[in-house]
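Asker: For reference, the structure I am asking about is given below.
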Amino acid sequence: MAHRGWYLDGERAGRFAARVTAAEGMLEIALEDADETLRWPLEEIRALGDTAAGQERLVLRLPGQDPRLVLEDAGTVAWARSACPKLTARSRDPAGLRRVLLWSGGAAAVLALLLFAAIPLLSNRMARWIPPAAEARLGAAIRDQAGLFFDAPEGEARWCSDRAGLAALGKMADRLTRGADLPYPLEIAVLNAPAVNAFAAPGGHVVVMRGLLDGAESAEEVAAVLAHELGHVAHRDPARLALRSAGTAAVLGLAAGDVMGAAAIAAAARALSDAHYARDAETAADAYAAERLAAAGVSPAALASFFDRMAAEAGGGSRLAALFASHPALGERSRAAREAAAHSADRPVLSPAEWAALQQVCRRTRARP
Amino acid sequence: MATEPEAGSPLQGRYSGSASALFWLALRTGLLTVATLGLYRFWAKTRIRRKLWSSIDPGGDALEYTGTGTEKFLGFLIAVVVLGSLAAVLAVVLSFLGFALFRPEAPGGLTALNLVLQNAGAIFAPLYFFAAYRARRYLLSRTTWRGIRFGMEPGAWGYAWRGCLYAALTGASLGLLWPLMTFRLEAYLCDRSWFGDARLRQGGRWTMLYKAMTPLLLSVPALALAVPAWVAGLPFSSLLLLGAGGVFAYGLVHYRVESFAIMARHKTAGQGIRLGAAPRPRVVALRYYGGWAAVAAVIGLCGLALLAGFARIVPMPDLDDTAGAAALVPLLAGGLALYGLVSPLRLVFVTQPVLAHLVRHAWVETPILLTSVGQRPGDAMADADGFADALDLGGAF
């Protein structure tokens, strides 16, 4: 018994009435208006999936070819489902999977190259082209903005301004930078905040926080931290970092697309790549600090002792852990500093009176740095 | 059994999709997408398009969507690599310019710098038009009817600069030249489109679209009266504002639907095959806004039920300790599931009803001429609609 269907030949947009039978492993499609019979191997026939017309319509095809056979009544559809054994089988394409893996690997490699080679290279190059005066203006603005995140104690202003204290800090910086080639003049300010921290903004702006002066046991420890920040200044790290993270954010934002899970991955990847960058920069700044301390005749042992205490406190789960999260393992840093200390002379960096003045620098405060 | 339409009668569009089948397909593929961190979305999109296309069956022959998830995924990889490189260089150079030209005394100082950097994406505007053209070309090249492929010629860059130009003109004229943009861009797309070896042509003039703008233009003076009245706190002004806002919202849909219909009636394919459409803007507006209201209602009710159920199980979690915060996990999971519901609900309540109305009120005149249309070669398009996907140019499906 022949079933009826419509044949679409894939060459003209007409539909041709056809009689369909199955014989000898072949589906025979006899076109009614043309004296022609087509034979499709039953094993190779596939049905279109995810179609709207459940049982009433079945569209058959041979994978990779344009012609279609449309069956439109329930009886015929049921017959075809039993006659063709592999209607719903996936048409396998072994080259397809290989292509997906190959292209995915290629895309991942290009993105990695972009994130870890091209963007850092471009940022480093362009950071050098920023006019120092413009960078200093920007740095001042960033320093002021960053200052707003910290609240000064009740009744005091945000920036410490005791003349003798600032002079002592200036003397310390002079001694550390003597003979060093900095891209721009240093501007050091003391922020009236309890955090044990210091940071470098673009354009030679360095901010030391009051908490650091309170927590340090000697002027040498302060000098060690200051020398480390000077390393960031010498290497133009803040500007390089800012340019690089702008590029990184642009790439990862795109790759994430619009799905929440992917956005979380992008955020994690960005944190990772920024931290990776930061670790490089921190190690370089440490090396610079050790070199400057040695040149100034200050024992880098101070750097080591300061790091040791930081590590002990950070281990206790204090908020320092968060502050120093982007820094290389403190134990490692103190070991490196200790090795450097073995080769250097030891001269006090400040006189006892100067050190006392520096510790009292927040006796007076003002609103502007 | 469908039969060949008579020579004289037009071939009317038919739509036969079921809401529940579409909903379950969208939900299943949506869950898979979430479970695979978004990777499955290319295959999900493919399956939903197959379902929608097969629901459209003018003359008893359904459209067929022949795109694959794999080619979309590969296209996305290409787009990400190309756009990623472009975005990286652009972001670094823009930041550099921002730093080098920074003036704290300029109005806004840092704030202005941040604003410029955050909106640097505007430089991507031509790329959006580029991606939209490529996506349309991909869509057409993967659509067949009666075994014959649709297709589109290359021309994405021409579309990109025209799109930017007309968008700028529309903005500069406060929307008065919107019909110019609508007409010229659609004509650009249409005149490069083919069904098999039959070329599509857009006829008519851009000024004919002003008729479609009537409700929108009427709502402008109404809004111009209502907003100041509402700000001044005059009595009944909020009712006036609501009314004017309603007319404006309706006017937007009216313009989209009517401009589409007017232009469709001026389209021809091949040798004298005329196309036509006469959708009812009021029906579309009702289905569109009503559909969104239904989505919002379902999501809102489920959200309330979730919160109520959660409050019953866990009285008041103490967010400071870990156990308390962990108690929030089921709530977050519930929220995530609700988010996953939005897209299937939108398909069922908004996309499909609107699409069904548009299809049912469209037709092909002299369909007998269609049988002479021949096949066209396939269009490889390695990037598929990857650029549109990477730029989040989602569209309804």
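The values are calculated or read from the model by the stated rules, or taken from the named source; none is laboratory data. Remember, predicted model here, so these are calculated numbers, not experimental data. Glycine gets a Cβ as well: all are built from the backbone with ideal geometry, and neighbour counts include every protein chain shown.
Asker: Does A:Phe116 meet the test of being within 26 Å of the chain's Cα centre (by Cα), assigned to a strand (DSSP E or B) and among the aromatic types (Phe, Trp, Tyr)?
Answerer: no
Asker: Just checking, does the range B:373-388 include any residue being under 24 Å from B:Leu31 (Cβ atoms), touching a strand residue (DSSP E or B) at 6+ places or on another chain (Cβ under 9 Å) and either surrounded by fewer than 17 Cβ atoms within 10 Å (Cβ to Cβ) or of a type outside the set (A, V, I, L, M, F, W, C) (or both)?
Answerer: Scanning the range B:373-388, I find no residue that is under 24 Å from B:Leu31 (Cβ atoms), touching a strand residue (DSSP E or B) at 6+ places or on another chain (Cβ under 9 Å) and either surrounded by fewer than 17 Cβ atoms within 10 Å (Cβ to Cβ) or of a type outside the set (A, V, I, L, M, F, W, C) (or both), so the answer is no.
Asker: OK, next. Please work out which residue is nearest to the other protein chains (Cβ to nearest Cβ), limiting yourself to the range B:139-167 and to residues that are part of a helix (DSSP H, G or I) and in contact with a strand residue (DSSP E or B) (Cβ under 8 Å, 6 or more places away or on another chain).
Answerer: B:Ser141
Asker: Every residue in the range B:37-60 that is farther than 15 Å from B:Ala362 by Cα and part of a loop (DSSP other than H, G, I, E, B), please.
Answerer: Within the range B:37-60, B:Leu37, B:Gly38, B:Leu39, B:Tyr40 meet the criteria.
Asker: Still on this model: Being in contact (Cβ under 8 Å) with a residue 24 or more places away in the chain, farther than 30 Å from B:Leu358 by Cα and facing another protein chain (nearest Cβ under 7 Å) is true for just one of B:Leu94, B:Leu77. Which residue is that?
Answerer: Every option except B:Leu77 fails the conditions.
Asker: Scan the range B:221-244 and tell me whether some residue there is more than 25 Å from B:Arg192 (Cα to Cα), at pLDDT 95 or above and crowded, with 18+ Cβ neighbours inside 10 Å.
Answerer: There is no residue in the range B:221-244 that is more than 25 Å from B:Arg192 (Cα to Cα), at pLDDT 95 or above and crowded, with 18+ Cβ neighbours inside 10 Å.
Asker: For the range A:136-151, state whether one or more residues are in a loop (DSSP other than H, G, I, E, B), modelled with pLDDT of 85 or more and over 21 Å from A:Ala239 (Cα atoms).
Answerer: no
Asker: Hey, another quick one. Any chance the range A:66-74 includes a residue that's assigned by TED's automatic domain parsing to the domain that holds A:Ala17, among the small types (Gly, Ala, Ser), outside any loop (DSSP other than H, G, I, E, B) and modelled with pLDDT under 90?
Answerer: Checked against the condition, which is being assigned by TED's automatic domain parsing to the domain that holds A:Ala17, among the small types (Gly, Ala, Ser), outside any loop (DSSP other than H, G, I, E, B) and modelled with pLDDT under 90, the range A:66-74 yields at least one hit.
Asker: So which residues in the range A:123-135 are surrounded by 19 or more Cβ atoms within 10 Å (Cβ to Cβ) and more than 7 Å from every other protein chain (Cβ to nearest Cβ)?
Answerer: Selection gives A:Ala127 alone.
Asker: Of all residues in the range B:251-271, which are aromatic (Phe, Trp, Tyr) and surrounded by fewer than 21 Cβ atoms within 10 Å (Cβ to Cβ)?
Answerer: B:Phe260
Asker: What are the residue pairs meeting all of these: first residue in the range B:275-302, first residue closer than 30 Å to B:Leu336 by Cα, second residue crowded, with 17+ Cβ neighbours inside 10 Å and among the hydroxyl-bearing types (Ser, Thr, Tyr), Cβ atoms under 6 Å, and 6 or more apart or on different chains?
Answerer: Within 6 Å, the pairs are B:Ala285/B:Tyr250.
Asker: Is it the case that the range B:278-293 has a residue that's in contact with a strand residue (DSSP E or B) (Cβ under 8 Å, 6 or more places away or on another chain) and crowded, with 19+ Cβ neighbours inside 10 Å?
Answerer: yes
Asker: Right, next: Across the range A:4-46, what is the number of residues that are in contact (Cβ under 8 Å) with a residue 24 or more places away in the chain and charged (D, E, K, R)?
Answerer: Counting residues in the range A:4-46 that are in contact (Cβ under 8 Å) with a residue 24 or more places away in the chain and charged (D, E, K, R) gives 7.
Asker: Working carefully through the options A:Arg81, A:Arg68, A:Arg61, find the one that is under 30 Å from B:Lys45 (Cβ atoms) and out of contact with any strand residue (DSSP E or B) (no Cβ under 7 Å at 6 or more places or on another chain).
Answerer: A:Arg81
Asker: When you check A:Val70 against the structure, is it touching a residue at least 40 places away in the same chain (Cβ under 8 Å), among the β-branched types (Val, Ile, Thr) and crowded, with 17+ Cβ neighbours inside 10 Å, yes or no?
Answerer: In short, yes.
Asker: Check every one of the helices (runs of 4 or more DSSP H) wholly within the range B:286-397 and list those with 2 or more residues that are within 14 Å of another protein chain (Cβ to nearest Cβ) and modelled with pLDDT under 85.
Answerer: Result: B:329-346.
Asker: Pick out the one residue from B:Arg146, B:Arg199 that is at pLDDT 95 or above and either surrounded by 22 or more Cβ atoms within 10 Å (Cβ to Cβ) or on the phi < 0 side of the Ramachandran plot (or both).
Answerer: When all the criteria are applied, what remains is B:Arg199.
Asker: Let me ask something additional. Taking the stated definitions as given, is A:Leu138 in contact (Cβ under 8 Å) with a residue 12 or more places away in the chain, surrounded by fewer than 22 Cβ atoms within 10 Å (Cβ to Cβ) and in contact with a Gly (Cβ under 8 Å, 6 or more places away or on another chain)?
Answerer: Answer is no for this residue.
Asker: Also, quick follow-up: Which residue is nearest to A:Gln360 (Cα to Cα), if the candidates are limited to the range A:148-162 and must be of a type in the set (D, E, K, R) and in contact (Cβ under 8 Å) with a residue 24 or more places away in the chain?
Answerer: Here the answer is A:Asp162.
Asker: For residues that are within 7 Å of another protein chain (Cβ to nearest Cβ), buried (at least 22 other Cβ atoms within 10 Å of the Cβ) and more than 14 Å from A:Arg57 (Cβ to Cβ), tally how many sit in the range A:1-20.
Answerer: 1
Asker: Which one of the conditions (1) over 26 Å from A:Gly247 (Cα atoms); (2) surrounded by 14 or more Cβ atoms within 10 Å (Cβ to Cβ); (3) more than 7 Å from chain B (Cβ to nearest Cβ) does A:Gln65 fail to meet, given that it meets all the rest?
Answerer: Of (1) over 26 Å from A:Gly247 (Cα atoms); (2) surrounded by 14 or more Cβ atoms within 10 Å (Cβ to Cβ); (3) more than 7 Å from chain B (Cβ to nearest Cβ), only one is false for A:Gln65: (2).
Asker: Within the range B:53-65, how many residues turn out to be modelled with pLDDT of 90 or more and more than 8 Å from chain A (Cβ to nearest Cβ)?
Answerer: Number satisfying all stated conditions: 4.
Asker: Checking B:Arg41 against (1) of a type outside the set (Ser, Thr, Tyr); (2) crowded, with 20+ Cβ neighbours inside 10 Å; (3) over 30 Å from B:Arg265 (Cα atoms); (4) more than 10 Å from chain A (Cβ to nearest Cβ), which single condition isn't satisfied?
Answerer: With (1) of a type outside the set (Ser, Thr, Tyr); (2) crowded, with 20+ Cβ neighbours inside 10 Å; (3) over 30 Å from B:Arg265 (Cα atoms); (4) more than 10 Å from chain A (Cβ to nearest Cβ) applied to B:Arg41, the lone miss is (4).
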